[in-house]
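Student: Pasting a structure below so you can have a look.
The values are calculated or read from the model by the stated rules, or taken from the named source; none is laboratory data. Quick caveat: nothing in here was measured; it's all calculated off a predicted structure. FYI the Cβ positions are ideal-geometry reconstructions off the backbone, even for glycines, and counts take in every protein chain you see. Areas reflect the complete protein model, heavy atoms only, side chains present, ligands, DNA and RNA absent. Shrake-Rupley method; radii C 1.70, N 1.55, O 1.52, S 1.80 Å.
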Amino acid sequence: MSRKNVQSGIDPGKQLHQETVVLHQDAHLATDSSVVAPIHYSATFRADTPEGFAEMANTPRHPGFYSRYGNPVHKRVEAVIAALEGTETALLMASGMGAISTTVLGLVKQGDHVIAQRRHYMSTSKLFEEVLPRFGVTSTFVDQTDLDALSTAIRPETRLIMVETPVNPTLTLTDLEAVATLARARDILTIADNTFASPLNQKPHDLGIDIVVHSATKYFGGHHDITAGAVCCSEALAERIWSMHVTLGSVLSPMDAWLLLRGLRTLSLRMERINANALALAQWLETHPLVERVYYPGLASHPQHELARRQMTGFGAVIAFSLKGGFQAGSRFVSALQLATHAVSLGGVETLAVHTAAMWAGTMTEAQMISAGIEPNFIRMSVGVEHIDDLKADLAQALESDPAA
């Protein structure tokens, strides 16, 4: 397949600002003169000669052989995401959990040991608690704020340390540089879930983390219309993970990859507004008499605010807060919202809100929720790009809604 560079004036190795990266980092991968990247809706690609076919079939991640192995639009998205995270390369997958599961399964074997946090996204926790033990891989769970506990948990057979920061849903932080330093001294690979921050707010690889994973469904897509995942790492690690990816088949469709690329084009603009809105809304919520407590890394009241300022340049969309009045107050609040949508997920243009205890009530016991830091009156909100005054007005009327109405 011909892959002529039709915009060769842009050096793919040039260091660009992130606002420019999202628009131009993939230009050298263009295959025609289209201003907008085309969608390559083909499961398989033609070879011109037997020798060409052999080369395609034996080239890892070839973008023009078979779409389970790679696709031209995948390559363009991967170039942008890798540049944002500062890694050699990236891999696309069909979901965030597809990215996490494929990465972990591609790097461990029977008899290995991994370390994870006590608090992770629920499906990540299930991977370590329920799936890995079936294949003879053991896990130890530690408080992400306790580096001594992490150090004590390391064994001779420890191969991976998995972190997530800020963590869902309590927005507790992990000291990425400290974890990376500890792991590297013992030749242990580190994986960081950077979904809640995005690379525009936090760059784990720059702090020493080996592999960065994302639910690209969130900030990268930005419009709540796709599910996708990304893995950012070195070329050598990518080959190992890609081999497992080909086997498991968590493949992102060409259409969803194209939508993801379109979402990335506006990432910098959206994040600028989201960061500003979320901080302003968190500060406003702290002053409201019906709000018990606000959790947001950008607030001086956050117990790890200094760490947040050290390893983050912005604090993201997600605010968590508890309301006076218990479970009923939380339920009443989300029901009364008019602009903010009562729905899961985060990082899109619309503001979303969930009553966390109600959301997890069917899958977690009360004891499990308490252990995870999910209080009965806990609200998680992903702030969008609406005007901040309109968001404040919507939250105000929901907070003060009549219980008898």
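Student: Dividing the convex hull volume of the Cα atoms of the stretch 20-158 by its residue count, what figure in Å³ per residue is obtained? Present the calculation step by step, with values, prior to reporting the outcome.
Tutor: Details: hull volume 23.5 nm³, N = 139.
In the stretch 20-158, the Cα hull volume divided by residue count equals 169 Å³.
Student: Would you compute, from DSSP H runs of 4+ residues alone, the mean residue ellipticity of the chain at 222 nm, taking -39500 (n - 2.57) per run and dividing by the full residue count, rounded to the nearest 500?
Tutor: Mean residue ellipticity at 222 nm (helix-derived): -11000 deg cm²/dmol.
Student: Straight-line reach only, C-alpha to C-alpha below 14 angstrom: list the aspartates and glutamates that residue 218 could link to, leaving out same-chain residues fewer than 8 apart.
Tutor: Cα-Cα hits under 14 Å: 193, 256, 350.
Student: Given a Förster radius of 30 Å and the C-beta distance between residue 244 and residue 313 as r, what FRET efficiency does 1/(1 + (r/R0)^6) yield to the nearest 0.05?
Tutor: Details: r = 33 Å, r/R0 = 1.09.
The computed FRET efficiency comes out at 0.40.
Student: Here is a follow-up. Mean shadow of the chain, computed from the convex hull of its alpha carbons, in nm²? Intermediate values should be presented prior to the final figure.
Tutor: On the way: hull surface 83.2 nm².
Computed as one quarter of the Cα hull surface, the answer is 20.8 nm².
Student: Just the accessible area per residue of the stretch 8-119, please: how many Å² with a 1.4 Å probe? Show your work: numbers first, answer last.
Tutor: Numbers: 5240 Å² over 112 residues.
For the stretch 8-119, the per-residue accessible area is 47 Å².
Student: What residue among 152, 266, 44 has the largest mean-square fluctuation in a Gaussian network model of the chain, using Cα springs under 10 Å?
Tutor: 152
Student: Within the stretch 30-46, which residues have the backbone N less than 11 Å from the label spot 7 Å out from residue 66 along Cα→beta-carbon, could you tell me?
Tutor: 44-45, by backbone N distance to the label point.
Student: Can you tell me how much longer the chain between residue 272 and residue 186 gets when fully stretched, taken as 0.36 nm per residue apart minus their C-alpha distance, in nm with one decimal?
Tutor: Values: separation 86, 0.36 × 86 = 30.96 nm, distance 3.81 nm.
Separation in residues times 0.36 nm, less the Cα-Cα distance, equals 27.2 nm.
Student: Another one. If you take every DSSP beta bridge whose two residues both sit in the chain, what share of them, in percent to the nearest 5, is antiparallel?
Tutor: 55
Student: Tell me, how many Å apart are the Cα centres for the stretch 233-298 and for the stretch 299-364?
Tutor: Computed from Cα coordinates, the inter-centre distance equals 15 Å.
Student: Kindly provide log₁₀ I(q)/I(0) values, in the same order as q = 0.17 Å⁻¹, from the Debye equation applied to equal alpha-carbon scatterers of the stretch 129-250.
Tutor: With one equal scatterer per Cα and no solvent, log10 I(q)/I(0) is -1.00.
Student: Work out the FRET efficiency for residue 338 and residue 293 from their Cβ-Cβ distance, taking R0 = 22 Å, and round it to the nearest 0.05. Present the calculation step by step, with values, prior to reporting the outcome.
Tutor: Working: r = 24 Å, r/R0 = 1.10.
After rounding, the FRET efficiency stands at 0.35.
Student: In Å and whole numbers, how far do the C-alpha atoms of the stretch 202-281 stretch along each principal axis, longest first?
Tutor: The Cα atoms of the stretch 202-281 stretch 44, 33, 18 Å along their principal axes.
Student: Any idea what the dipole of the stretch 113-171 comes to, in debye rounded to 20, about its Cα centre with Lys/Arg Cβ at +1 and Asp/Glu Cβ at -1?
Tutor: Details: 6 positive and 7 negative charges, 37 e Å.
Value, rounded to 20: 180 debye.
Student: On the accessible surface of the chain, probed at 1.4 Å, how many percent belong to carbon and sulfur atoms? All intermediate terms of the calculation are to be shown ahead of the outcome.
Tutor: Values: 9040 of 17340 Å².
The C+S portion of the solvent-accessible surface of the chain is 52 percent.
Student: Next question. Grab the Cα-Cα distance for residue 280 and residue 358, subtract it from 0.36 nm times how many residues apart they are, and report the gain in nm with one decimal. Mind dumping the intermediate values first?
Tutor: Values: separation 78, 0.36 × 78 = 28.08 nm, distance 2.64 nm.
Extra length available between residue 280 and residue 358 comes to 25.4 nm.
Student: If you take the beta carbon distance between residue 255 and residue 129 as r and set R0 to 56 Å, what does 1/(1 + (r/R0)^6) give as a FRET efficiency, to the nearest 0.05?
Tutor: Values: r = 34 Å, r/R0 = 0.61.
Computed FRET efficiency for residue 255 and residue 129 comes out at 0.95.
Student: Any idea of the accessible area per residue across the stretch 159-225, 1.4 Å probe, to the nearest Å²? All intermediate terms of the calculation are to be shown ahead of the outcome.
Tutor: On the way: 1730 Å² over 67 residues.
With the other protein chains kept in place, the stretch 159-225 gives 26 Å² per residue.
Student: Which one, 259, 383, 174, projects farthest toward the positive side of the charge dipole computed for the chain from Cβ point charges (K/R +1, D/E -1)?
Tutor: The listed residue farthest towards the positive side: 259.
Student: Next question. Which peptide among 277-284, 297-304 comes first, and what is the full order, when sorted by highest mean count of other Cβ atoms within 10 Å?
Tutor: Working: 277-284: 20.0, 297-304: 17.8.
The peptides rank, most packed first, as 277-284, 297-304.
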